[in-house]
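Asker: Could you have a look at this structure, given as structure tokens, before my questions?
Please treat every number below as a calculation from the coordinates, not as lab data. All figures in this text were calculated on a predicted structure; none of them were measured in a lab. Please note: Cβ atoms are built from the backbone with ideal geometry, for glycine as well, and neighbour counts cover all protein chains shown.
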Amino acid sequence: MNLTSPASAVYWTLIALTITASPHLMAMPPWLGGLFLVMVAWRWLAASRSWSAPPTALRLFISLILLILVFVASGGHWSRRAATTLLCMMMAAKLMEMFQPRDLRLVAALCFFMMTAQFLFNERLVYLFYLGLGAWTATMALVSIQRLESTPLQQPDRPWQGKLIDQSRQAAGMLVLALPVAALLFVLFPRLAQPLWGLPQQSMDGRTGLSDELTAGSIANLFLDDRPAFRVEFPDGQPPPVDARYWRGPVLTELDGSTWRRSQFADASSPLPEARVGSEFEHRIQLEPHERRWLFALDHPRSGPEDSRLTTTRELLARNPITALTQYDAWSVNAPFGPQTLPASARAYYLALPEGRNPRTRDFANELRQSFPDDDAGLAAHVLEWFREEPFRYSLATAPLGRHNADEFLFDLRDGYCEYYASAFAILMRAANIPSRVVLGYMGGDWQEGGQYLLVRQSDAHAWTELWIDDAGWVRVDPTAAVSPERIDYGARGAIREPRHALDNEWLRNLRNRLDRAQHTWNRWILGFDAARQQRMLERLGLPRGTHTTLAVIMVIALALVTLALALLLWRRDRQPPRSAAERAWRMLLSRLGRRGMVKKPGETPREFAHRIQTDLAAGNNEFRQLAELYSRVHYGPPHAELAQDFIDTARRFKP
């Protein structure tokens with residue numbers, strides 16, 4: 001394969017298309033992504049073997065088939081992912097008629113749009129490298145297309161290595177010139193409250209994470225997932241105590257037998273009573289997108305961002321699903337809200353259990369109630385002590401539960417993850433006439449000393465129980481803490497010591513933490529550059545605070561000044577005569593000598609320079625004198641391609 005041959009424009013366009021489409025291909029069904037790669041491979045063969053374009057009827061038929069396949073793969077639902085999948089497949093269809101420079105240029109230009117579309121789904125730091133590589137290959141494709149049209153036929157052929165270096169240098173130079181404009185647009189472009197695109201919000205890729213339902217094993221599956229869930233900063237730089245790091249999420253109140261669910265009325269807002277005396281924590285959270293509306297905060301949340309609200313179950317909810325990295329401030333107190341009164345209808349709701357299930361649990365609850373007739377708190381404490389004394393184990397080696405799930409776990413299995421304990425404990429409490437509900441969220445987090453923030457991963461997902469205690473209100477009770485205190489003190493990975501997989505070791509965990517600190521910095525200064533921070537930056541620069549119109553005027557003026565400066569730079573560069581490949585090789589040779597203290601004086605000819613430094617070069621002086629003589633003949637004599645190439649090759653091999 002020669003990337004500087006006449007077919008190089010096709011090759012570079014296909015390379016750019018494959019690189020920019022790769023994240024989209026990994027998100028679509030494998031058979032559809034494989035079909036895209038088959039189309040790319042066919043066009044590569046067509047370029048290398050000089051095949052002609054397929055008939056028009058065949059191209060139309062294949063395009064229609066691809067359109068139908070996209071519709072089938074998306075299930076008939078229009079979303080952002082379906083739109084990008086359609087874009088990829090239509091560009092694959094475009095390859096069948098990509099036999100003219102204008103078609104090549106169109107595909108290469110669309111590669112930039114395809115890269116931009118990927119940031120609708122993920123804005124992680126690693127995609128900055130994807131952006132750089134994709135932009136460089138797409139620019140290389142455009143350079144190759146331009147040279148395909150403008151290269152004179154009579155121009156003497158050059159070695160392909162030199163051509164490739166020239167094209168790479170030109171593409172890189174164009175991107176470097178675009179960086180000041182891109183930086184200026186990033187800083188000054190008016191930040192909008194809503195995105196420019198109008199596709200549905202809840203249309204991203206499916207992501208694993210906490211759900212609004214809980215069944216046995218659903219949280220245990222997250223233990224293998226080390227992706228960040230959110231990051232937390234504290235104004236004083238001090239995180240709360242380890243046993244207070246409960247991050248509240250959805251609250252599940254309805255049980256259909258084996259699955260806990262949120263109530264359909266759970267979104268209703270209600271004013272909260274004052275919290276009991278306790279510590280108040282202010283914290284700023286960087287929440288990764290999870291396509292749900294809940295915002296995590298320390299238990300017990302008191303308030304959140306302006307556009308959020310607290311529900312009657314003390315869930316902190318956003319107005320729209322979280323489909324992008326979201327930063328917000330929250331305030332929580334380390335004490336339950338209360339005392340309160342629980343209406344009779346609400347008490348009956350939080351005591352509801354499916355009929356005909358878990359008879360042994362009901363009998364056990366009746367025995368407990370006879371021992372603690374009027375002491376709900378004492379009954380719950382007795383059950384926790386029972387958990388400690390009986391052979392219960394905290395483990396990932398869980399088994400599926402049947403119809404009588406609480407019976408099977410409490411009296412037979414006695415081995416499970418946090419959701420097993422939270423669910424069985426809540427069922428037992430309801431059977432004992434104590435209102436209860438299950439809370440999902442996260443427990444713990446790794447303090448990143450280098451970045452001064454707390455990193456909470458998906459593997460920190462946790463479930464606990466809340467009980468209604470008269471004169472106290474809703475009180476958090478974590479049955480997992482009774483069975484495995486290590487889960488609370490050291491996190492999920494501290495409670496389960498054995499490696500989760502072959503790559504689960506301390507060295508890789510430390511490496512991931514270091515990489516996450518870089519991601520945190522990226523989130524804070526780049527992704528977190530919102531309208532408020534933009535206004536504060538302009539005020540520090542002494543620019544007027546105004547509307548989007550004022551900001552747009554400032555941006556246009558700044559762009560004009562930057563464009564003028566770049567134009568003057570290019571004009572001065574174009575006035576200088578272009579350097580030949582031999583002259584560039586000579587200057588590189590002088591640079592290597594200069595690093596060793598042998599600097600050529602202004603006005604000194606190559607022969608004079610070689611004669612002056614011959615004592616410094618020792619045994620290599622004869623070779624350098626020959627190089628200087630050869631360069632003089634190439635540079636000042638008549639054009640001679642073979643002589644010039646001989647000098648270039650010798651100069652590259654020369655070692656002072």
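Asker: With unit charges on the beta carbons (Lys and Arg positive, Asp and Glu negative) and the dipole taken about the Cα centre of the chain, which residue among M598, P373, M26 sits farthest to the positive side?
Answerer: M598
Asker: On to the next question. Which entry in (i) 71, 28, 20; (ii) 64, 30, 26; (iii) 50, 24, 24 is this structure's computed semi-axes √(5λ) of the Cα gyration tensor in Å?
Answerer: Checked against the structure: label (ii).
Asker: Taking the Cα atoms of the stretch 8-151, report the difference between the largest and smallest coordinate on each principal axis, in whole Å and largest first.
Answerer: Between the extreme Cα coordinates on each principal axis of the stretch 8-151 lie 46, 40, 19 Å.
Asker: So who's got an amide H within less than 5 Å of the one on R227, skipping anything under 5 residues away but keeping other chains? H placed 1.01 Å off N, in plane.
Answerer: Under 5 Å from the amide H of R227: Q458, S459.
Asker: Continuing with this model, one more query. Arrange D412, D407 by Cβ neighbour counts within 10 Å, fewest through most, would you?
Answerer: D412, D407
Asker: From the P(r) of the stretch 581-653, can you give the percent of Cα pairs sitting at distances over 17 Å? Don't skip to the answer; put the middle values down first.
Answerer: Details: 993 of 2628 pairs.
Cα-Cα pairs of the stretch 581-653 separated by over 17 Å account for 38 percent.
Asker: Fewest to most neighbouring Cβ within 10 Å: what's the order for Y328, Y636?
Answerer: Ordered by Cβ neighbours within 10 Å, fewest first: Y636, Y328.
Asker: Moving on to the next point. Please get the size of the charge dipole for the stretch 8-151, origin at its Cα centre, with Cβ charges of +1 on Lys and Arg and -1 on Asp and Glu, quoted in debye to the nearest 20.
Answerer: 40
Asker: Then there's this: With charges set only on the Cβ (+1 for Lys and Arg, -1 for Asp and Glu), what does the dipole of the stretch 581-653 come to about its Cα centre, in debye to the nearest 20?
Answerer: That gives a dipole near 340 debye.
Asker: Please report, ordered by residue number, every helix of the chain (full DSSP H runs) that is 30 Å or longer along its axis going by C-alpha atoms and whose mean Kyte-Doolittle hydropathy reaches 1.0. Can you show the working numbers first?
Answerer: Details: long enough: 126-150 (37 Å, 0.93); 160-188 (42 Å, 1.07); 548-575 (40 Å, 1.42).
Those that pass (Cα extent of 30 Å or more, hydropathy at least 1.0) are 160-188, 548-575.
Asker: Treat the count of other C-beta atoms within 10 Å as a stand-in for reagent exposure and order F99, F121 from fewest to most. Provide the component values of the computation, followed by the final result.
Answerer: Values: F99 15, F121 20.
Ordered from fewest to most neighbouring Cβ atoms within 10 Å, F99, F121 come out as F99, F121.
Asker: Would you work out which of F387, G416, L543 lies farthest towards the positive end of the dipole of the chain, given +1 charges on the beta-carbon of Lys and Arg and -1 on that of Asp and Glu, about the Cα centre?
Answerer: The residue sitting most towards the positive pole is L543.
Asker: Can you tell me the dipole magnitude for the chain around its Cα centre, using point charges on the Cβ only (Lys, Arg +1; Asp, Glu -1), in Debye to the nearest 20? The partial results should precede the final answer.
Answerer: Values: 73 positive and 66 negative charges, 820 e Å.
Roughly 3940 debye for the chain.
Asker: Starting from the alpha-carbon convex hull of the stretch 213-511, give the projected area averaged over all orientations, in nm².
Answerer: 15.5
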